[in-house]
1. Would you please give the FRET efficiency between Leu116 and Thr11, computed as 1/(1 + (r/R0)^6) with r the Cβ-Cβ distance and R0 = 30 Å, to the nearest 0.05?
2. Any chance you could give the angle, 0 to 90 degrees and rounded to 10, that helix 61-72 forms with the longest Cα principal axis of the chain?
3. Please compute the Cα-Cα pair-distance distribution of the range 68-121 with 10 Å bins starting at 0, giving whole percents from short to long.
4. Expressed as an acute angle from 0 to 90° and rounded to the nearest 10, what is the orientation of the C-alpha long axis of helix 149-161 relative to the principal long axis of the chain?
5. If you plug each phi of the range 255-265 into the Karplus form 6.51 cos²θ - 1.76 cosθ + 1.60 with θ = phi - 60°, what whole-Hz ³J(HN,Hα) values come out, in order, with x for Gly and Pro?
6. Per residue, what accessible area does the range 31-100 have, given a 1.4 Å probe and all protein chains present, in Å²?
7. Each residue of the range 109-125 in turn: what ³J(HN,Hα) in whole Hz from Karplus with 6.51, -1.76, 1.60 and θ = phi - 60°, glycine and Pro shown as x?
8. Two decimals is fine: what is log10 I(q)/I(0) at q = 0.14, 0.15 Å⁻¹ for the chain, from a Debye sum with one equal scatterer on every Cα and no solvent?
Amino acid sequence: MNDWIDLRSDTVTRPTEEMRAAMSTAAVGDDVYGEDPTVNALEEQLAGRLGMAAGLFVASGTQSNLIALLTHCQRGDEYIVGDTAHAYRFEGGGAAALGGIQPQPLPFLPDGTLDLAEVSRLVKPDDVHFARTRLLCLENTKDGIASGSDYYEKAGAMAGEHGLAVHLDGARFFNAVVELGCEPTEITRHCDSVSICLSKGLGAPVGSVLLGSEAFIRAARRWRKVVGGGMRQAGILAAAGIYALDNNVERLRSDHRHAAEVARALGDHVQLPVQQHTNMLFLDLSGTQLHRLREHLSGWNIRINRNRWVFHLDITEAAVDRIITAIRAYGSS
Ligand SMILES: *Cc1c(COP(=O)(O)O)cnc(C)c1O
């Protein structure tokens, strides 16, 4: 048990030998000239899978959301977004800093969706006093919670009535799809743009893909260059993304199962209130309790840093067994 089991995030995964092999043999070219065949293949494949016209390989999920906001909105425009959404809370105010774009946040409902009647109420009238409301930004999964096509259908219809575009921050979209057992297009057909992270549970070392119409992606490609995201022989990275999409989507299911098994062990042996959704579980622990549990788990080479534990590619069956054994020991200590 020398290896650390790292539950801090699903971003900690390391590329496997097979993924590295795919990277090392990737055909490459200059992607700023549109000449990297592997980047082009990744963009086309994912666009096809999500029923979108075109894709754009970018450096990170944050860059993808930023480019989406800059492309949908002009200076003085506004996007409506959940107040704990990544694209509002955790991206350094990039859209305001670089685009003069104002957020209009509102609280999420407990099920990870937004109250669409409230969203509709927040759309500002066409009046010189107000920012122009242009975009509704959604997130799936939200804190691990998957929301299905019914919600997207309603959100898309509501947005359409107000002339808003819909952007989906789908950093963990494939966790949602696998959990819901739906086709990706049942959700994406209600969205104008979608951002997918390759470097979370899918296990690639770097990269996200932004998807949308041909015209949207053409404009986004310009913004990608402006924010310094034009990469050159990026096919080496895109190859990891293609490998991840070919091999690591269905296996997200086992991350969800592992999270449920560990949640059950926490309930059984430590009598802790636990919430589990897809690959995440959330504990309700005070600072001192968390500190005690963290110290205990550290003795088993298990790393946590807060009340959110995230399951991913590098948490094997054997790792889950060790986590459960450590929890049992904690319960009887
Ligand atoms: C991780 C994450 C992002 C950003 O991805 P980075 O690659 O870390 O910039 C965006 N949205 C959500 C919901 C995320 O979890």
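1. Values: r = 31 Å, r/R0 = 1.02.
With R0 = 30 Å, the Cβ-Cβ based efficiency is 0.45.
2. 20
3. 25, 51, 23, 1
4. Helix 149-161 sits roughly 30 degrees off the main axis of the chain.
5. 4, 5, 5, 4, 4, 5, 5, 6, 4, 5, 4
6. Details: 2680 Å² over 70 residues.
Each residue of the range 31-100 exposes 38 Å² on average to a 1.4 Å probe.
7. These are the phi-based 3J(HN,Hα) values: 6, x, 8, x, 9, 9, 6, 5, 5, 5, 4, 4, 5, 7, 5, 7, x Hz.
8. Taken in order of the listed q values, log10 I(q)/I(0) reads -1.11, -1.22.
The values are calculated or read from the model by the stated rules, or taken from the named source; none is laboratory data. Bear in mind that the values here come from a model prediction, so they are computed numbers and not experimental data. FYI the Cβ positions are ideal-geometry reconstructions off the backbone, even for glycines, and counts take in every protein chain you see. Each accessible area value is taken on the protein alone, full model and side chains, heavy atoms only, with ligands, DNA and RNA left out. Shrake-Rupley method; radii C 1.70, N 1.55, O 1.52, S 1.80 Å.
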